[in-house]
There are 2 protein chains.
Amino acid sequence: MEERRAAQKAAIDAADRLFYARGIQAVTMDELRAETGISLKKLYSLFDSKQAILLAVLAHRHELWTSGIARAAGAVSTPRDKLLSVYDFLHGWFTDGNYRGCGFINAFGELGATVPAVALAARKQKDSFQRYVAGLVEQAGAPASLAPQLAILAEGAQTTAAISGSADAAHSARDAAEILIDAALQR
Amino acid sequence: MEERRAAQKAAIDAADRLFYARGIQAVTMDELRAETGISLKKLYSLFDSKQAILLAVLAHRHELWTSGIARAAGAVSTPRDKLLSVYDFLHGWFTDGNYRGCGFINAFGELGATVPAVALAARKQKDSFQRYVAGLVEQAGAPASLAPQLAILAEGAQTTAAISGSADAAHSARDAAEILIDAALQR
DNA sequence: TAAAGTTGAGAACATTCGTTCTCTATCCAA
DNA sequence: TTGGATAGAGAACGAATGTTCTCAACTTTA
């Protein structure tokens, strides 16, 4: 049953690409079949439903995000630099050519009201990021109120970059974060 | 043809409520008919298509937003306070009981990739807000780089509040904005 | 008053799409 | 080799939905 895992992963990767690029309801199961080469019968043996695929995609995206910001933070040493590395990571993402906003926010807007599990997945993802930032803020010795401010900058940069189509928002957010961090530390 | 206008407005208001609360594709034309009491035939005589209704809804939302922040700014006098009034306006919106994120971002995530006019409407809205903030920043005598930072805070507060379900983001964003404005002014 | 035109309600249509079903081919055991 | 079971491909099903069509009611005008 190792190839089952591999097939699931292939399906999740393809679904992630398609859902993210075009929206969830805009992608049909038949397109996922064409993209993966996995027959409908097989897809439905790997997952209960399209919704189950979506939830797996969101879980996968959560891991990508978590490992991405961890890797960026790993390249620097101080808590302050680790906090700022978030915005560098965002800049890399914004300029990778396929950026179309935060997948969780997109899924939340499209399906959050009708599929509670989607709203929950989005909330979990944002909670997790808030805690990550809060941990670094504490390590930096700054007041806890700084954390949501920095998280809000990251969120805002994502939507601004998505809609404007420009990666500048990452720089603006980074500059703002620097000012906020320094102001919070020298008090 | 005055009642035609009135019927269009009623349809737009109802569609706005439904689309915003549940997502666009989750609302059927038949539900809009039930909500408005306007027959399908009539709806299709008032608008070319569901998509045309959506575009009218987005235009309507743009006006609501523009007049909302203008009203909030009208209650105070200095450019600095006008800038901060944006976040007070947001707080009021977040706590009105029906808040589910920025309608433009939701529409962008759901349909931006498949309906270019939706992506365009979202971009226009965000552009317009950026220019509004930039104007106030200039009046305040602060460097232009402050404007995108403040706009990003507003965007981030909207998505954070939507997903977390809490209005705290408005306060965090306001506090951050105050720090950024003051830092930008005393240089 | 009567005929012609207009409007409206909602039934109907055609398409789309998630999901299931059928039939075929392959593989393994005896 | 053969019989049986498993898995896969893709045709088929049934529900949902945007849009149009039909027919009846009403209004207007001569």
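The values are calculated or read from the model by the stated rules, or taken from the named source; none is laboratory data. Note that this is a predicted model, so its numbers are computed, not measured. Counting neighbours? That spans all protein chains shown, and the Cβs are built from the backbone with ideal geometry, glycine included. When the accessible area is computed, the model is the full protein with side chains, heavy atoms only, and any ligands, DNA or RNA have been set aside. Shrake-Rupley method; radii C 1.70, N 1.55, O 1.52, S 1.80 Å.
Scanning the stretch B:10-29 for residues that are open to solvent by less than 20 Å² (accessible area, probe 1.4 Å) and over 19 Å from B:THR114 (Cβ atoms) turns up B:ALA11, B:ALA14, B:ASP16. Taking the stated definitions as given, is B:ASP81 within 12 Å of DNA strand C (Cβ to nearest atom) and either in a loop (DSSP other than H, G, I, E, B) or surrounded by fewer than 19 Cβ atoms within 10 Å (Cβ to Cβ) (or both)? The answer is no for B:ASP81. In the list A:LEU43, A:LEU84, A:LEU54, A:LEU32, which residue meets the criterion of being within 14 Å of chain B (Cβ to nearest Cβ) and in contact with a helix residue (DSSP H, G or I) (Cβ under 9 Å, 6 or more places away or on another chain)? From the options A:LEU43, A:LEU84, A:LEU54, A:LEU32, the qualifying one is A:LEU54.
Considering only the stretch A:146-157, I want to know if a residue exists there that is farther than 14 Å from A:ARG80 by Cα, of a type outside the set (A, V, I, L, M), under 15 Å from the mean Cα position of the chain (by Cα) and assigned to a helix (DSSP H, G or I). Checked the stretch A:146-157: at least one residue is farther than 14 Å from A:ARG80 by Cα, of a type outside the set (A, V, I, L, M), under 15 Å from the mean Cα position of the chain (by Cα) and assigned to a helix (DSSP H, G or I). Pairing residues of the stretch A:18-29 that are in contact (Cβ under 8 Å) with a residue 24 or more places away in the chain with residues that are in a loop (DSSP other than H, G, I, E, B) and away from DNA strand C (no atom under 11 Å from the Cβ), at Cβ distances under 8 Å and at least 6 apart in sequence or on separate chains, gives A:TYR20/A:ASN98; A:TYR20/A:ARG100; A:ALA21/A:ASN98; A:ALA21/A:ARG100; A:ALA21/B:ALA113; A:GLY23/B:GLY112; A:GLY23/B:ALA113. Among the residues of the stretch B:146-160, the one identified as more than 7 Å from every other protein chain (Cβ to nearest Cβ) and either among the polar types (S, T, N, Q) or more than 19 Å from A:ASP168 (Cα to Cα) (or both) is B:GLN158. Residues that are buried (at least 20 other Cβ atoms within 10 Å of the Cβ) and within 7 Å of chain A (Cβ to nearest Cβ) within the stretch B:120-130 comprise B:ALA122, B:LYS126, listed in sequence order. Between B:ILE181, B:ILE163, the distinction of being at the interface with chain A (Cβ under 9 Å from one of its Cβ atoms) and in a helix (DSSP H, G or I) belongs to B:ILE163 only.
Inspect all residues belonging to the stretch A:142-160 and state whether any of them is open to solvent by less than 40 Å² (accessible area, probe 1.4 Å) and touching a His at 6+ places or on another chain (Cβ under 7 Å). Scanning the stretch A:142-160 turns up no residue that is open to solvent by less than 40 Å² (accessible area, probe 1.4 Å) and touching a His at 6+ places or on another chain (Cβ under 7 Å). Out of A:ALA59, A:ALA52, one residue alone is within 11 Å of DNA strand C (Cβ to nearest atom) and either in contact with a His (Cβ under 8 Å, 6 or more places away or on another chain) or part of a helix (DSSP H, G or I) (or both). It is A:ALA52. Take A:ALA34 and tell me if it is under 11 Å from the mean Cα position of the chain (by Cα) and more than 27 Å from B:ILE152 (Cβ to Cβ). In short, no.
Within the stretch A:20-31, which residues are more than 8 Å from DNA strand C (Cβ to nearest atom) and part of a helix (DSSP H, G or I)? Scanning the stretch A:20-31 gives A:TYR20, A:ALA21, A:ARG22.
Would it be correct to say that A:GLU35 is within 14 Å of DNA strand D (Cβ to nearest atom) and assigned to a helix (DSSP H, G or I)?
So A:GLU35 fits the description; yes.
Within the stretch A:93-119, restricting attention to residues that are at the interface with chain B (Cβ under 7 Å from one of its Cβ atoms) and part of a loop (DSSP other than H, G, I, E, B), the residue that is most open to solvent (accessible area, probe 1.4 Å) is A:THR114.
Of the set (1) within 16 Å of DNA strand D (Cβ to nearest atom); (2) under 24 Å from B:GLU3 (Cβ atoms); (3) charged (D, E, K, R), all apply to B:GLU110 but (2). For the stretch B:1-19, enumerate the residues that are within 11 Å of DNA strand C (Cβ to nearest atom) and either more than 18 Å from B:ALA59 (Cβ to Cβ) or in contact with a strand residue (DSSP E or B) (Cβ under 8 Å, 6 or more places away or on another chain) (or both). Within the stretch B:1-19, B:MET1, B:GLU3 qualify.
Checking each residue in the stretch A:38-52 for being under 16 Å from A:LEU111 (Cβ atoms) and within 16 Å of DNA strand D (Cβ to nearest atom) picks out A:SER49, A:LYS50, A:GLN51. Picking from residues in the stretch B:166-178 that are more than 7 Å from chain A (Cβ to nearest Cβ) and either under 17 Å from the mean Cα position of the chain (by Cα) or hydroxyl-bearing (Ser, Thr, Tyr) (or both), the one that is surrounded by the fewest Cβ atoms within 10 Å (Cβ to Cβ) is B:SER166. Take the conditions (1) within 16 Å of DNA strand D (Cβ to nearest atom); (2) open to solvent by 40 Å² or more (accessible area, probe 1.4 Å); (3) not charged (D, E, K, R); B:ALA70 misses just one of them, which is (1). State all residues of the stretch A:33-46 that are within 8 Å of DNA strand C (Cβ to nearest atom) and either crowded, with 18+ Cβ neighbours inside 10 Å or in contact (Cβ under 8 Å) with a residue 12 or more places away in the chain (or both); if no residue qualifies, say none. Residue satisfying the conditions is A:LEU43 alone.
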